[in-house]
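The values are calculated or read from the model by the stated rules, or taken from the named source; none is laboratory data. These numbers come from a predicted model, not from an experiment. With ideal geometry, Cβ positions are generated from the backbone for all residues, glycine too; neighbour counts draw on all protein chains shown. Just so you know, the surface numbers come from the protein's heavy atoms only, side chains and all, with ligands and any DNA or RNA stripped out. Shrake-Rupley method; radii C 1.70, N 1.55, O 1.52, S 1.80 Å.
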Amino acid sequence: MVKFDAKFAEKLSILSHHSVGILTRLYNLKQTFENPETRPSFLSDKVIEPVLKNMVKKFPLIDNTKTMSTPIPARRVEIAKVLEPHYYTLLDALEFKDVAADLLTSLGSTVSACNLAANFHLTRGFLDLLVNYASAMIILSRVEDRKVIAALYCTTHELSASSAEPNYGRLSQWLSDYELPIRRLSDDFQGISRFIASAIMSCRSHYGRFHIQAALLRQSNIFHMLTSRTDLLVPTHTTEVLSDVFVSLDRMTSWIVIGFLLCPAELDHSETSDLLRVALIDGFITPLFRDEVLHIHAEYETTAAFYKTTGRLTKLKQLVSDCAAFAVQSSGGFHRERRHFFRQSIQDLQLLFTDKPGLLGPKLPSLLIVMGLARDEVIWYFRHCEAAPPKTRGKYKDTEYRDNTISELIFWLKEAAALVKSSETILRQYYGEFLAGYDLELLRDAVSNIPCPEEESTLITSFVDLLSGLSPATLASNPPSFAGLRLDWFRLQALMSVNKAPVQLASYPELTLYMNLISFHSYGVDAVDELVRQTSSLTGLVAYRRELIKHFEPCMNTPRQSRYSFVFPAICGEFPLAAHEFLAEERALLGQVSVSLADKFLEHIASNTARTVHQYCMEHVRMGHELLPVTGTQTLIAAFNEKVAAAKEAGRKPTRKAVAPPQLLARNPTVIAHLSELHFSLADLCWSISHDRTLRVFDTDFCPREYLVEALQKLFSGAVVGLMGFRDEEHRINRPSILLQATLAYMEGLFSLENYVDINMLELFYNVLQEQTQLKDRNGKPTVATGYSTWYMDFLTRQVDTGHYAYSALRKSFVSRQDVPFKAEQFTDLPELMSLCQLIGPYGVRSLDEMIMKILTAEVGQIKGYVMNNQDGLQILQKSWHDAARCADVLKKLKNVDELIVRSLRIGALLSFRSLLTEALSLVLATRAPLIASCVKDMHEFFPDVRDPLVSVDRIALLAGMTIDIDPVISDALKEHCMNPDYDFKVWNLLLVFFAASLCTLSTRETSIYKPALEANANNAHCLPLVIHNLSSTLLSLTAEADQHIPECQKEFLTIASVLLMRQRADANSTSKDAPKELDSIVIILDKFVQMSPFLNAEELEECLPYTLLQASYSVLHQRRAPTGSKNVGF
């Protein structure tokens, strides 16, 4: 590398980077002390506050006499530890100030001129450093506690080290001198003010070409590639390609506005004031760093007022006033139209280059320029949308600063950036060949006639040698790095731009033009990412997170804009890049904020998508409900009634043909329009969330589709529970068949999502519906199984006991009395229970069965107590059943007979419902999985006589809906009542005797009437055979040998019951209250018990109860009608 004394290129490069680090630290220093949460607590201490005010008042002098009586000496270590990094931030800023001011002054006095067209890198480096330097001084002056930091740290240092801090003198003087930073800076740079103005004026060409109205840009066709197809393959090489691509219009505005504040004397010229006027009407604030801005019109008014006293810049005040009014009134509309133009232009270019990627090589500058301009408009918008305008005569229109389509512009900007990155291979090949061929020849021609000294000649020769060594093989396998070439070109600009240079760069414009082209082309070979970063980076929005959040909701709610909502979480991935190595810890903080914000955005997008899906699916549910027979019948009835009413008004006799007119059944246009709108919204949201499979933000990889899956799972789970319509306090719930139909309609709507986004809906359905079979879902919320289990158990344990409902074996459902509005058959018939089984599945059925078993266990415990209370009488009845007188006496003395009947009938209703539910489950299993059902059936029937080794088979068979002689589930539930086998066997044997005695009581009640049409007793007495069989077979099998004792005990029950009932027949004509009223209805219970029990047969019944007598009872029951006026009939 060539060495020369000034080294302006190296210094500008280093200090420009260094200035951003200083700005970052000063900005964070200001934010730390302004935020009450991060501000050091001792600064708010009531005891220390007076001392701090005194320090500021006497600054820079330090008087420790008053500090000795305060907590400062005791807390000096703590205070010094907290203030030390902030104090050294001020010292670093001071060091930067000295070095940067010296370099800027040296450049102004040494370099002949700075011009973007002649020495681009030198001019850009100078103006960047100048503006960053001024911004740092202004931000420092806004740190309210800067003097407190310096004075208090120096005090603690002196208390600890017994000596003053050596840098405090320089630091305090600097802080005092820059109370008014702009005025002081203008004084500092007064000697180079003309040089600064010259550098700023070189921006006029670029600024004038692009800072124009959207209509003029549209007329120029500068970004329309298809206006002239013959020029499609012609490379876009402007004379100022580097400034067009690498200098943003927003940055150039800052150069102009802040630069002229530092050299206000140059504004006397018309050219400078014209350029300033264009910059001042661009907006009413300009950025210093992130969200720290400068209210430019107020600063220029202050400058104008200061110079007015000297008789200079007399027109500046009027100029600023006019520009401020125009900026407030018109800049919003000006930039809104530009955003619309760039949105359309960048979209057209992106679509063109996507379709024809080969055009990206020659037309890359055009795409990069429009990307940079679009990026500037995005930054300008977020900077101004919440900023307070200055008070001027111009009318501020808030609507001009509200753009709900900003997300679309960001989207196309990022799409274009992604396209450039993905075309890196094409660009490398295109520009590599350009460098090795066309650029090399141009460079050789340009340098052939330049009489260069040794240093310049060495640099130029290195350019030619590097390009000469390029070959297609090298570019394809191992492309070289051109960073050295670009830095050497920067060095050459600095070397040939100094006043005493023997060869002035301005004298050879062709060399500048060709080297600028070569520099740009080199980026296309080895630094495509840098091109994209320079033109599309939105890291500046890190300070406008609140504005992003405010614009996110309108984006979601604006038609056709929700599809671009994913750009908000995508932008968060750029925020950590705003951190600087001078404050490395900030990157982790920005990363955490970015991850949290992206997570919220994705959750909101997913939840909004889920809400739209819910609305769409509910429309499916509503339309499906209209197709139900109940709804269709109501529609036909309403149509028929209208037809009858119309016939009566016309004086005609109405026909009985109930046909709805076509206009009644026509589709509602509003509904169709609403469905179409939901379709569009759903398509946009799904397109948004499926745009990127993964999203990288800091150290976290987000999968947007997983957010949608999680939201849909919550939605579907909540929707199914909501469609159930369970109201526990009102005892209301939708029928299982209606819920099943609604769920299927809802699922049909969810299935349509697969047309928009790649989601496995079957897996989602499985996960959600599987949760609904449990009593609690993953979030601990009630499920469908919970709702239906609660409702059915409430019905069986409370409603059935009222006598308004009876179980019908013929209809296989519970039926309601005619005077009861609630129809139990609509919820308990076999089709409804089959729907219930499909909804809650085997797990839900098992949960419901467990609830039944809990109640059964409690009821059996109570019944056991009743048996033990009547143990003596039941033993007498068991042994002396043939003695009529003694039996009659014992029957009169039995206690708790009514309680036994009530609890037995309750158990009977539970077991009857359980048998129905089991049958429904078997039908569903046979329909849904016939192979599994047949396998379970074969396994169960293959071992008919062996139970103990195959208990699991019996349980599987029971879950499959098959009949088991001794129910293992009931056995498990009643084990706690059979802990003493010998004693409990006697108790349960006496229970059968107690059941036989209770039949005599049932025969005396009118509610025991038998309904042949239902095959049911009005009081559910026909459920007793099921109760007696299950309890006797289960309890006796737990206390004795089942095969031996169960038949004997059941035969004993049959004998005692038949004898007692036959004795009642002799008193059938008696008028006493104990006379049997429904003896025939009770007698047939014994027949049903024998039919149900596998341990008894008809011959054993014949021995106890003659068949002719049983036949006569059936005949009487089928021939008679219910007594007139009976309150317990009407089922």
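A few remarks follow.
- Reported label for calculated Rg and Dmax of the Cα atoms in Å given (i) 47.8, 180; (ii) 34.3, 111; (iii) 46.5, 146: (iii)
- Amide H to amide H distances under 5 Å link Ala1016 with Lys1011, where only residues 5 or more positions off or on other chains count and H is placed in the peptide plane.
- Sequence ranges 990-999, 92-101, 464-473, ranked by mean other-Cβ count within 10 angstrom, highest first: 990-999, 92-101, 464-473
- Apportionment of accessible area to carbon and sulfur, the chain, percent (1.4 Å): 53
- Peptide ranges 414-420, 1019-1025 listed from the most packed, as the mean C-beta count within 10 angstrom indicates: 1019-1025, 414-420
- Under the convention that each Lys and Arg Cβ holds +1 and each Asp and Glu Cβ holds -1, the size of the dipole of segment 488-541 around its Cα centre is about 240 debye.
- The simple spin-label model puts a point 7 Å past each Cα toward its Cβ; for Cys935 and His882 those points are separated by 5.7 nm.
- Ranked by how many other beta carbons lie within 10 Å on average, peptides 724-732, 103-111 from highest: 103-111, 724-732
- Charged-residue dipole, Cβ positions (Lys, Arg, Asp, Glu), the chain about Cα centre, Debye nearest 20: 3560
- In the assembled protein chains, Tyr88 presents an accessible area of approximately 90 Å² (probe radius 1.4 Å).
- Across the cross-link table entries Lys1011/Lys1088; Lys317/Lys397; Lys11/Lys500; Lys58/Lys147, which are compared at the Cα atoms, the separations over 21 Å belong to Lys317/Lys397.
- The 3J(HN,Hα) values that the Karplus relation (6.51, -1.76, 1.60; θ = phi - 60°) gives for segment 427-438 are, in residue order, 5, 4, 5, 5, 6, x, 5, 4, 5, 6, x, 4 Hz. Gly and Pro appear as x.
- Pairs of lysine residues in segment 749-877 - Cα separation under 26 Å, sequence separation of 8 or more or cross-chain: 5
- Potential lengthening between Asp63 and Gln862 on full extension [0.36 nm per residue; Cα-Cα distance subtracted]: 278.5 nm
- At R0 = 51 Å, FRET efficiency that the Cβ-Cβ distance of Thr694 and Ser471 yields, to 0.05: 0.85
- For Lys356, the lysines whose Cα falls under 16 Å of its own Cα, not counting residues fewer than eight places away in the same chain, are Lys421.
- Taking θ as phi - 60° and the Karplus parameters 6.51, -1.76 and 1.60, the scalar couplings of segment 1086-1100 work out to 5, 5, 5, 5, 5, 5, 7, 7, x, 9, 10, 9, 5, 5, 5 Hz in sequence order, x denoting glycine and proline.
- The length gained by stretching the chain between Glu1099 and Arg798 to full extension, at 0.36 nm per residue less their Cα-Cα distance, is 104.4 nm.
- Dipole of the chain, positive direction: furthest Cα of Cys703, Leu419, Val1027, with charges on the beta-carbon: Val1027
- Relative contact order of the chain, taken over Cα pairs closer than 8 Å and 6 or more residues apart, is 7 percent.
- FRET efficiency, 1/(1 + (r/R0)^6) with R0 22 Å, evaluated for Asn767 and Val593 via beta carbons: 0.10
- Summed over the residues of the chain and divided among them, the accessible surface reaches 45 Å² per residue at a probe radius of 1.4 Å.
- Sequence-distant residues sharing a close amide H with Phe702 (under 5 Å, placed H): Leu695, Arg696, Val697
- Straight-distance candidates among the aspartates and glutamates for linking to Lys892, with alpha-carbon spacing under 14 Å and chain neighbours fewer than 8 residues away dropped: Asp872, Asp1074.
- Distance (nanometres) between label positions extended 7 Å along Cα→Cβ at Gln634 and Ala809: 3.8
- Neighbours of Ser248 by Cβ distance under 9 Å: Lys/Arg scored +1, Asp/Glu scored -1, total 0.
- Pairwise label distance in nanometres, Arg170 with Glu1006, each label 7 Å out on the Cα-Cβ vector: 11.4
- Relative to the longest principal axis of the Cα atoms of the chain, helix 884-893 runs at roughly 30 degrees.
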